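The values are calculated or read from the model by the stated rules, or taken from the named source; none is laboratory data. Keep in mind that this is a model prediction, so the values were computed, not measured. Glycine gets a Cβ as well: all are built from the backbone with ideal geometry, and neighbour counts include every protein chain shown. Just so you know, the surface numbers come from the protein's heavy atoms only, side chains and all, with ligands and any DNA or RNA stripped out. Shrake-Rupley method; radii C 1.70, N 1.55, O 1.52, S 1.80 Å.
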Amino acid sequence: MKLPARMCAAAVFCWAAARGDEPRFERVVVDDAFPGAYQVEAVDVNGDGKVDIVAVGGGTCAWYENPRWTKRIVTSPSITPGIISSATADLDGDGRAEVAIGYDFEMNEPKRGKLLIARQGQTLEEPWQVQKIGDVPSVHRLRWVPAAKGRQPSRLVVAPIFGRQAVPPSFQDAPAKIQIFEQVVGVGAATFWSGIDIGGRLVTHSVEVHANPIEPVEGLPLILTADNEGVALLEPGARRDIHFDVRSLIPGLAGTAPKRGSSEVHLGKRSDGRRFLATIDPWHGSQVAVCLEKKLGAWEFESRVVLDDSLDDGHALCVVDVDRDGNDEVVAGHRGKDHRVSIYRLNASSGGWQRTVLDRGVAAQDVRPGDVDGDGAADFVAVGGSTHNVVLYRNLAGRR
């Protein structure tokens, strides 16, 4: 199904007006009528080498074709009610992406949740075909495992938020069981998907998946979780099968369950080579924080440094080097009162972080980076649930 392309409202602004050499952004409204927008991706969908946008929410998965942002429907509410997450990748090497979709999510019914794979038709105008994979109770975040060079992704990390036996309102009765689903070639051209539990933590709100430098051939990833116990690393164990060890990294914030621990996590980098964990704490929390690596290459981190404690229902986070100085910036947003998207920049001289509010017109549910115009400067895109919008922030670095 093809929908008419909208006129994209745009505005150009600087993230810090005091210094003219800092990046400018063009705010482009890609869609102003997407009720319940919840998650977004920046990824090439049609194989033309340009980064498109995929958004989910309100039962719908849609993608927007770069550069005019023509909206096309992947799945509708009749197919994916309770949609909650997507993960987009080219699985068969034909240049056209497939989309994994988690749906039938209901916060207070942890036993509900389903997973499917959507595949494109022969043309952009044909309906997408769906393959239902099965039930995944409380499905919440999906991420493809990065494939080794020259290979296509074949493993999908599926992270429920709650355990099957968890009971509201605390949801502490059972940990969420993260699974890895793998595409398997069957008889003839048939394929099916099998899943295996690799461990989990209480109220696992988000995950970040990284390629494993130690085991690149096997494709077993490193997985960061933000959960009610803080931030953990799930890493392949010593055995040569799919077995993961769980290592606690930082505790997050104390509080009454489920308002404790961490809600979002991303691994950033600094120009000196050290990494940092950027988090929103606690679950659906008020604080943006970073923890700097103690030793280069080690999974040990210093105490939290709070960048902002004024979020209301924090839900959107990413890290990206927008000014290409080697230091990742932190981009965060919240969906509650005084909703906004902000960017936090490290001052290399003082070691402190400066916040600049970029946009108060998005009740931010999610934010993702991606170079949409191929100029080498990182852009990012956000979605707002109650504001019903998909907004692109185009980085104008180097332009005059």
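The table that follows gives values for the structure above.
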| quantity | calculated |
| --- | --- |
| Derived scalar couplings ³J(HN,Hα) [the range 85-95; Karplus, 6.51 cos²θ - 1.76 cosθ + 1.60; whole Hz; x for Gly, Pro] | 7, 9, 8, 10, 6, 7, 8, 10, x, 8, x |
| Ordering of 197-205, 39-47, 125-133, 349-357 by packing [mean C-beta count within 10 Å, highest first] | 197-205, 39-47, 125-133, 349-357 |
| Residue-wise HN-Hα coupling along the range 379-394, computed from phi with Karplus coefficients 6.51, -1.76, 1.60 (Hz; x: Gly, Pro) | 9, 8, 9, 10, 10, x, x, 6, 8, 6, 9, 10, 10, 9, 10, 8 |
| Cα-centre dipole for the chain with unit charges at Cβ (Lys and Arg positive, Asp and Glu negative), debye to 20 | 220 debye |
| Förster radius 35 Å - calculated FRET efficiency between Q165 and E125, Cβ distance, rounded to 0.05 | 0.20 |
| Test item: Cα-centred dipole of the range 67-159, Lys/Arg +1 and Asp/Glu -1 on Cβ, debye | 280 debye |
| Average accessible surface area per residue within the chain, 1.4 Å rolling probe, Å² | 41 Å² |
| Neighbourhood net charge (12 Å Cβ-Cβ; Lys/Arg +1, Asp/Glu -1) for K269 | -3 |
| Accessible area (Å², 1.4 Å probe, nearest 10) - R368 | 40 Å² |
| Residue with peak Gaussian network fluctuation, the chain [Cα springs, cutoff 10 Å], from E98, E329, E182 | E182 |
| The range 238-309 and the range 144-159: distance between their alpha carbon centers, rounded to Å | 23 Å |
| Built amide H within the under 5 Å cut-off of V367, gap 5+ | L317 |
| Modelled label reach - V184, point 7 Å along Cα→Cβ, the range 150-168 residues with backbone N closer than 18 Å | 154-158 |
| Top positive-direction residue, dipole computed over the range 28-143 with Cβ charges, set S78, M107, T123 | M107 |
| Residues with amide H under 5 Å from that of I250, placed H, sequence gap 5 or more | V231 |
| Placed amide H near D245: partners under 5 Å, 5+ positions off or other chain | E235, G237 |
| Phi-based couplings in Hz for the range 110-125 (Karplus 6.51, -1.76, 1.60; Gly and Pro marked x) | x, 7, 8, x, 9, 9, 9, 10, 9, 10, 6, x, 6, 10, 5, 8 |
| Portion, in percent, of the accessible area of the chain that falls on carbon or sulfur, probe 1.4 Å | 51 percent |
| Pairs of lysine residues in the chain - Cα separation under 23 Å, sequence separation of 8 or more or cross-chain | 15 |
